[in-house]
Every structure is written in C-alpha cells, then in structure tokens.
C-alpha cells in the first residue's frame with residue numbers, strides 16, 4: 001500500500017519527466033483514481049509547486065529549489081521539513097529520543113546553533129539541516145563523525161558546484177581565493193552515549209548556498225556569491241548523504257588521510273582558543289585519535305581535542 005507521501009513524490013517525478021501528462025495516465029501509473037490524483041495535485045500546489053491544468057493534462061511550470069519530503073523522497077532517511085524553526089538541532093534531539101534515524105531540514109532558523117553556543121545566522125536560501133544517525137562506532141571513535149561530515153560537505157559542494165574548497169580544523173569548510181579565506185559551511189556534532197556505546201549522533205550542517213551574507217559576517221561567503229548564480233540545494237543534500245554514508249564504511253586512517261589532503265590548517269601557525277586557555281603554535285598533524293597536534297612556541301607538544309582555531313600564518 002502506497003503512502004500519501006510516496007504518492008505525491010511519484011506524481012512529481014511523472015510531472016518532471018513529462019511535458020504534459022493526463023490525470024488518467026498518472027492514475028494508471030500509480031494505481032489510484034483521477035480524483036485522488038487531483039487531490040494530490042492540490043496539496044502540491046499548496047506546497048508551492050506551480051502546476052498548470054491544460055486540456056491534455058497537468059504541466060509543471062516551475063521546478064522550485066525546495067528541500068521538502070517530496071524532493072528528498074529517495075533518501076534513506078525520514079524527512080522532517082520546516083519552513084521556519086528555532087533550530088534543527090533542537091527538533092533532532094526530540095526525534096532521536098524516539099529511536100529514529102532522520103534528516104531535519106529548515107528553510108529558516110531563528111536560533112540556529114553554531115559551536116560553543118554561538119548563533120548561526122540562517123536565512124532563507126541556505127542549507128540548514130541535522131542528520132540523526134546511529135553509527136556502529138564505539139565512543140572513542142565518535143570524533144570521526146566530525147571529520148566525515150566536514151569531508152562529505154566539502155566533497156558534495158565540489159561535486160555539485162565545480163569549485164574547489166578546503167577544510168579548516170576542527171569543522172569548517174573554507175573557500176580560498178588568493179590569500180583570503182572565507183567560511184562556506186560548518187559542522188556541529190552532538191552525541192548521546194552510554195559507557196562505550198553511542199546511542200545516537202546528531203550532525204548539524206550549515207551551508208551558505210543562495211542566502212545573502214550579512215554585513216556583520218565578513219568572514220563568510222555563499223556559493224551564489226562565488227558562482228554569480230543560484231545553485232540547486234537539493235543536489236548538494238543528495239550528494240552529501242551519499243558521500244557521508246560511504247565514508248561511514250571507511251577505515252579511520254583513510255578518513256583522516258582524506259581530510260588532511262583537503263585541509264588548510266596543518267603546517268600553519270595557529271591560535272587555539274579552548275577552555276584551558278589560549279595556545280599558539282605550529283599545527284603539525286592530526287593524531288590517530290583525532291586530536292590536533294600542536295607544537296607551541298616553547299617547543300611543547302600538545303594534543304588539542306577541541307577549541308576554536310585561528311590561522312595566523314598565511315597559506316603559501
């Protein structure tokens with residue numbers, strides 16, 4: 001038995017692959033009545049799709065850049081879509097407690113969350129989402145999820161936009177032009193675990209796509225600003241999920257090596273801000289347990305597991 005959700009998704013697929021298709025043909029293809037087809041068409045119209053009725057059938061006038069349940073129906077996760085919400089991370093926590101794996105997406109966040117309790121500006125046009133997963137990782141391997149998510153975000157952006165991006169420790173995707181580095185995306189990880197077992201992980205992903213960058217966000221940039229045109233957000237989300245799931249199957253060493261190959265932090269003089277205070281030194285490497293290895297100005301070797309990283313030495 002088909003659900004209402006899958007029926008609307010299938011109607012959209014038929015509309016997208018046919019210039020005009022009759023209600024009768026849609027009904028035959030999906031095994032539903034013409035009346036049912038009409039009702040689903042009305043629901044799709046209410047969701048923003050412009051569908052024209054002609055003597056020969058229905059025609060999809062526009063292909064909107066939406067990230068709703070119908071557009072992302074092919075993903076292996078339940079989709080929760082909101083036009084406006086405080087934070088996808090807040091909703092994700094409630095859903096995760098029910099035992100689901102899901103993708104929560106919002107067009108706008110009024111209180112988007114960044115790292116260390118910061119506000120993430122989340123206007124219309126960007127990708128603001130939280131992915132709930134239940135990985136077969138032990139607690140000490142949880143750090144891999146941040147590396148996997150940031151790497152998947154960078155690779156998805158490159159695949160869909162054609163631009164080259166880099167990674168900054170611990171969780172930023174950076175667009176570099178000449179010697180200027182601008183933040184394009186960021187990752188936030190929250191986990192719930194018991195003893196050595198991860199119950200679930202929530203991965204927050206924020207990507208500046210077609211959204212306008214505010215005056216106070218001088219260190220940020222959007223794909224639209226880089227490319228001079230809008231880009232389909234759906235393609236980025238679909239590619240991200242595909243790459244993320246593949247990376248989850250990879251060995252830790254392979255993940256870290258892939259991350260290192262795209263990073264801008266190693267080999268740089270950096271300032272690390274974390275609860276124990278400020279540390280300045282040379283970023284040498286990423287350890288096998290995910291820490292940033294820092295050589296301080298007094299030649300002390302430290303392992304930094306979390307904190308804000310500021311690049312001090314320009315990349316060559």
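Annotation for the stretch 52-97 versus the stretch 153-223: alpha-carbon center distance of 22 Å.
Note on the chain: antiparallel DSSP beta bridges, both residues inside, total approximately 85 percent of the bridges counted.
So what is the relative contact order of the stretch 4-60, in percent, for Cα pairs below 8 Å that sit 6 or more residues apart? Mind showing how you got there, number by number?
Values: 53 pairs, mean separation 23.1, N = 57.
After rounding, I find 40 percent.
Distance between the pseudo-spin-label points of residue 312 and residue 16 (7 Å out from Cα toward the beta carbon): 4.9 nm.
At a Förster distance of 45 Å, what's the computed FRET efficiency of residue 124 paired with residue 59, Cβ-Cβ distance as r, to 0.05?
Step by step, r from the Cβ atoms, then E = 0.95.
Of 266, 44, 184, the residue with the greatest mean-square motion in the GNM of the chain, using alpha carbon springs below 10 Å, is 44. Would you mind calculating the relative contact order of the chain from Cα pairs under 8 angstrom and at least 6 residues apart, reporting the percent as a whole number? Relative contact order, the chain: 12 percent. With a Förster radius of 25 Å applied to the C-beta separation of residue 305 and residue 246, the computed FRET efficiency comes to 0.45. Computed as a quarter of the hull surface, the mean projected area of the alpha carbon convex hull for the stretch 4-60 stands at 3.3 nm². The angle between the Cα long axis of helix 252-261 and the longest principal axis of the Cα atoms of the chain comes to about 80 degrees, rounded to the nearest 10. Projecting label points 7 angstrom from Cα along Cα→Cβ for residue 178 and residue 287 puts them 3.9 nm apart.
With only alpha-carbon pairs counted, each pair once and no self-pairs, how large is the Kirkwood hydrodynamic radius of the chain in angstroms?
Working: mean 1/r = 0.0470 Å⁻¹.
Roughly 21.3 Å, rounded to one decimal.
The relative contact order of the stretch 82-190, computed from alpha carbon pairs under 8 Å that lie at least 6 residues apart in sequence, is 19 percent.
Among 185, 106, 96, the largest mean-square fluctuation in a Gaussian network model of the chain (Cα springs under 10 Å) belongs to 96.
FYI, it's all coordinate maths here, none of it is from the lab. These figures come from a predicted structure and were not determined experimentally. Counting neighbours? That spans all protein chains shown, and the Cβs are built from the backbone with ideal geometry, glycine included.
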